[in-house]
1. Set the Förster distance to 45 Å, then compute FRET efficiency between residue 13 and residue 160 from the Cβ-Cβ distance, nearest 0.05.
2. Determine the relative contact order of segment 77-216: mean sequence separation of Cα pairs under 8 Å and six or more apart, normalised by residue count, in whole percent.
3. Rounded to the nearest 5, what is the percent of antiparallel bridges among the DSSP beta bridges in the chain?
4. Along each principal axis of its Cα atoms, how long is segment 102-192 end to end? Whole angstroms, biggest number first, please.
5. At 0.36 nm per residue, minus the direct Cα-Cα distance, what do residue 271 and residue 6 gain on full extension? Give it in nm, one decimal, please.
6. Which of these, 233, 264, 152, has the largest mean-square fluctuation under a Gaussian network model of the chain (Cα springs below 10 Å)?
7. Taking 7 Å along the Cα-to-C-beta vector as the label spot, tell me the residue 263-residue 241 distance in nanometres, rounded to one decimal.
8. At 0.36 nm per residue, minus the direct Cα-Cα distance, what do residue 52 and residue 216 gain on full extension? Give it in nm, one decimal, please.
């Protein structure tokens with residue numbers, strides 16, 4: 001038991017396809033709420049077997065990270081009709097690609113989904129478009145898309161989604177986000193509850209910083225991670241002019257080139273009265 005929840009932690013156990021098949025035949029774990037199977041190389045076949053299970057109706061958290069399930073595995077999972085209570089799904093590092101993103105987005109069962117981790121999956125611009133069309137995940141709070149080359153159009157599609165009104169955490173680190181992508185994200189008017197935006201290890205530059213600073217929607221933003229983004233003193237000056245993020249507590253800027261002048265500009269900001277931490281190494 002963990003916090004009163006029934007769970008099975010089986011990560012990194014060489015379970016493979018056959019092991020997944022045995023697990024899928026289970027008929028007794030009717031109270032199972034958490035199943036962790038990351039790093040088990042279950043592959044597409046393992047995803048097929050797991051998706052056929054009809055016993056785990058109370059499953060809330062499923063972790064299948066780094067299992068090589070591919071796009072067909074994502075399709076099988078998306079077709080499951082059993083996990084109506086699923087709240088957290090970890091699928092990072094599975095190479096599901098654009099088609100896999102399309103399959104997941106079309107799922108009609110996971111109406112309670114709150115956390116979706118799709119980092120490092122070769123999703124690309126088209127995959128981002130498919131995800132943006134989702135209108136079922138009305139409770140989605142956390143979306144991880146780090147390590148995916150979503151491109152300018154992908155950023156625009158995601159920013160235009162009208163369903164994820166409860167989104168609180170958005171991770172786009174290492175996702176080839178440049179100034180135009182930052183512009184599209186900054187135009188978003190849906191994510192009024194956004195608290196954490198991670199854009200680390202991208203290339204938004206000073207223009208991207210300007211676009212972000214002009215956003216008027218993210219009034220609840222608490223953490224903004226902009227480390228390693230080719231932001232210079234001009235970009236720091238743009239950020240310093242922001243008057244929307246009154247709840248900002250953490251600002252990550254290390255690995256940029258803001259210099260002394262940029263630091264002076266940031267210091268002049270009168271809006272971030274709740275700021276507790278600036279990462280600037």
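1. In this case the efficiency is close to 0.60.
2. 19
3. Of the beta bridges lying entirely in the chain, close to 5 percent run antiparallel.
4. 35, 27, 18
5. Working it through step by step, the gained length comes to 90.9 nm.
6. 264
7. 2.4
8. 54.5 nm
Values quoted throughout were computed directly from the atomic coordinates according to the rules given, and no laboratory measurement underlies them. Just so it is clear, the model here is predicted, and its values are computed rather than measured. We place every Cβ from the backbone using ideal geometry, glycine too, and count neighbours over all the protein chains shown.
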